[in-house]
Amino acid sequence: MKKNIFSIILIFVLLLFASCSATNNQNNSIEVPEKDTQISETKYSVTFIVSDFPEIPGKYIYLMGDFNNWIPGDAEYRLKKNNFGEWEITFDMPKGKTIEYKFNAGSYDNIEKDFFGDEVSPRSYKFNYDRDVVYHEIENW
């Protein structure tokens, strides 16, 4: 008789344990997407400032990149001179978006270069911070 009661209690405890274990597994099965691979619908603003630059061959400095099909002299991405004599542009992109870009003076002949006049690799920026300010220097055209 004692063996039967002990067996029944043991079976009951095992069933209770199995039930609790199954419930915990169900609650932990939610998958969370990685933040780095998601591009949000939220727009973040960035201001690019060119604080040091050689004499400009044209009238303005422009930004070009994968966001405008690398078109130099695009009026939508023309920088404006601020009160400190620097050139700046502010625009929005979706949070998490990464862009590649270069500065130009209005044409393919006047795209930023290094000190020795060699082509530079595109710059890169990821929209991780709202109202960010990024300073740049242009060595040559």
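The values are calculated or read from the model by the stated rules, or taken from the named source; none is laboratory data. These numbers were taken from a predicted model, which means no experiment stands behind them. Reconstructed Cβ throughout: ideal geometry from the backbone, glycine too, with neighbour counts over all protein chains shown.
Checking the structure you have, find out if any residue of segment 92-115 is loosely packed, with under 10 Cβ neighbours inside 10 Å and either modelled with pLDDT of 90 or more or of a type in the set (S, T, N, Q) (or both). Taking every residue of segment 92-115 in turn, at least one turns out to be loosely packed, with under 10 Cβ neighbours inside 10 Å and either modelled with pLDDT of 90 or more or of a type in the set (S, T, N, Q) (or both).
On the given criteria, is ILE11 more than 19 Å from SER124 (Cα to Cα), surrounded by fewer than 10 Cβ atoms within 10 Å (Cβ to Cβ), modelled with pLDDT of 60 or more and of a type in the set (A, V, I, L, M)? No; evaluated as a whole, the condition is false for this residue. For TYR77, indicate whether it is farther than 16 Å from GLU139 by Cβ, aromatic (Phe, Trp, Tyr) and surrounded by 13 or more Cβ atoms within 10 Å (Cβ to Cβ). Taking the combined requirement at face value, the residue satisfies it.
The set of residues in segment 88-106 that are farther than 15 Å from ASN140 by Cβ and not in a strand (DSSP E or B) comprises LYS95, GLY96, LYS97, GLY106. GLY85 meets the stated requirement of being over 21 Å from the mean Cα position of the chain (by Cα), at pLDDT 95 or above and either outside any strand (DSSP E or B) or of a type in the set (S, T, N, Q) (or both). Among residues of segment 119-130 that are of a type in the set (Lys, Arg), those with a Cβ under 6 angstrom from a residue that is at pLDDT 95 or above, sequence gap 6+ or separate chain, pair up as ARG123/TYR101; LYS126/THR98.
The one condition from (1) out of contact with any strand residue (DSSP E or B) (no Cβ under 8 Å at 6 or more places or on another chain); (2) surrounded by 12 or more Cβ atoms within 10 Å (Cβ to Cβ); (3) closer than 13 Å to TRP141 by Cα that ASP118 does not meet is (2).
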